[in-house]
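As structure tokens, the structure follows; a few thoughts come after it.
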Amino acid sequence: MFFEKHYSLALGGWAARWLAHIWVLKYLEEKKFIITEVSWTSMGAIIWALYAIWKNSNEIEKIAKDLNYFKLIDIDFKEGLLKWHKVYKCLESIFWDKKIEDLDITLKIIATNFDNWEKIVFEKWKIIDAIRASISLPGIFKPHKIKENYYIDWWIVNNLPIEALNWKHVIAVSALKKVNEELKRKRKVFWIDFDVWFLNLNFQILQRSIILMMKQNEDRSIENCRNKDLTLIYPDYWELDFYSFNEVDNFIEVGYKKAKEVIW
């Protein structure tokens, strides 16, 4: 049982698994935890930016369910698979021109300067620009320009940014699947097992390689922060994958149970 209820949060990213962070908020709300600061990279930024402008877990859950992700797609084969102009407009309709420094909760949105590969921690700036910079997955989403610099996702180097937090008591939540899961070599169709197509198998291998790289940089962050009172949460996502954007309820259920098990 936790007796100290003032905590910082470090939240890992990985596409659709940002939805799982809703359950963290839901559980902490119930237990009346006080969040002093939050750091994250990638799409997890959206959840806690909403929280910081006084949206509760139920309101955030409704926003996540109402989003039509297919309508946010705009193709661009020059600078990235997606331009994300539509995403920016969507974020703008939610956050308007609110700035990070005007919020009551300390937010730290992490991104990478594309020109020199240096880490940037957005503690001041427009929320929508900081989020858009942090979710710019290389090769998929067009890098985001702020003034003279271009920014991309920071998950490549630091997917669980515990180091950015100043508060001693930290809850860190990973969004990664297990790296030791077996490859799926068979697929059942009408009770008959078929060999998985080689492209599907290669996709699994590529995904597993990326997860392994991200796990290594998360472990490095944990090791560098042993001086903090650190509570780690690793949900078991089962079949929920990084593209499972329509599985909001399942993400919340999985995470809520794990938060209850670890924190209480």
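Note on residue 57: accessible area is roughly 0 Å² with a 1.4 Å probe, heavy atoms of protein only. Once the Cβ-Cβ distance of residue 236 and residue 147 is raised to the sixth power relative to R0 = 35 Å, the FRET efficiency obtained is 0.25. Using DSSP to call loops (not H, G, I, E or B), can you name the GluC sites (Glu not before Pro) in the stretch 90-184 whose Cβ has at most 11 other Cβ atoms within 10 angstrom? When the GluC sites (Glu not before Pro) of the stretch 90-184 are filtered for loop state and at most 11 Cβ neighbours within 10 Å, 118, 148, 181, 182 remain. Close amide H pairs (under 5 Å, H built 1.01 Å from N) link residue 146 with 151, residues at least 5 positions away or on another chain.
Largest accessible area first, the residues 51, 7 order themselves as 51, 7 under a 1.4 Å probe with ligands, DNA and RNA left out.
The values are calculated or read from the model by the stated rules, or taken from the named source; none is laboratory data. Everything numeric here is computed off the predicted structure, so don't read it as measured data. Neighbour counts are summed over all protein chains in view; Cβ atoms, including those assigned to glycine, are modelled from backbone coordinates with ideal geometry. The area values use the complete protein model at the heavy-atom level, side chains included, leaving out ligands, DNA and RNA. Shrake-Rupley method; radii C 1.70, N 1.55, O 1.52, S 1.80 Å.
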